[in-house]
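First the structure, in the form of structure tokens, and then the observations on it.
The values are calculated or read from the model by the stated rules, or taken from the named source; none is laboratory data. The structure displayed is predicted, hence computed values, not measured ones. Ideal geometry is used to build each Cβ from the backbone, glycine not excepted, and the neighbour counts take in all protein chains shown. For the accessible areas, the whole protein counts, side chains as well, though only heavy atoms, and no ligand, DNA or RNA atoms are used. Shrake-Rupley method; radii C 1.70, N 1.55, O 1.52, S 1.80 Å.
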Amino acid sequence: MKWENRGLSKNVEDRRARRAGGAGVPLGVGGTLLLLALSLFLGTDLFSLLGVSSPLGTAAASWSVPGAEATDDERAHFMSAVLDESQAMWAAIFAENDLVYEDAVLVLYEGAITSGCGYAPASSGPFYCPLDGRVYLDLAFYDVLRDRYGAAGDFAQAYVLAHEVGHHVQNLLGTAAEVRQLQRAEPRYANRLSVALELQADCYAGVYGRSVAERGGLERGDLEEGLSAAAAVGDDRLQRQATGQVNTETFTHGSSAQRMRWFGRGFETGDPSACDTFSGVDL
Ligand SMILES: [Zn+2]
């Protein structure tokens, strides 16, 4: 996938552990305050110019200034580019529909993390927390995706993040809240509803893929990478790997075939309204 490296987005919070030998520029509290004051004065976010995440516009300022060593990390920069590009796309789609898109924040972390949704142990897959509007991603997940599930490549990674951004869109549109309400009212359908929600996020990831294709950003093999990542994280394959058998009743994300189909639907149409995964749910 062709992309432009612009360092870390203002919507990325880098909570990875500092690594020895990093070319970090620790700002310190004084530097942070100075930069903050200057940023406010100039009306320009100087933090993003320096490639560090900004306390401006991030609600929970518990995390102040991560080291700039993250700027060495191409994977982090790639995720940052995908985040910005996908959110710019959603902002445009929302605007066409007279809605206002609010950016999600991507938190990069290593090991375990406490999100607004509680404690996530090490080796949790990427997840979205609707309570704090943040996507949590441990980049090591991409090693697992490649080594254990055979889904390698940059577009596979882009798909994973675009899927999580899709959950943010569902949160903004109220779809996720509606689903939670229905799940509480009808617990026996909880899994099916969860599958529909996940497949819709896959379809939204496909819509993003289409936008990359339209700007000429796809390279040979990229679409296959996205599809193989969608297939890799299907419930049937995950279950078979974990238990040796498949029980469709306990699916929460959908089968590999379903995930590929919905990703493909979003990609073909480029239209989020084609992502109605709920009308097919047998309640
Ligand atoms: Zn999901």
*Mind checking the dipole of segment 82-217: about its Cα centre, +1 per Lys or Arg Cβ, -1 per Asp or Glu Cβ, Debye to the nearest 20?*
500 debye
*Around M89, with a cut-off of 14 angstrom between Cβ atoms, what is the net charge of the other residues, counting Lys and Arg +1 and Asp and Glu -1?*
-4
_What does the net charge come to around H167 if you take all other residues with beta carbon closer than 12 Å to its beta carbon, with K and R at +1 and D and E at -1?_
-2
*Rank-order 223-229, 85-91 by packing density, defined as the average count of other C-beta atoms within 10 Å over each peptide's residues, highest first.*
223-229, 85-91
*Can you pull the percent of segment 135-203's accessible area that's carbon plus sulfur, 1.4 Å probe, other chains left in place?*
48 percent
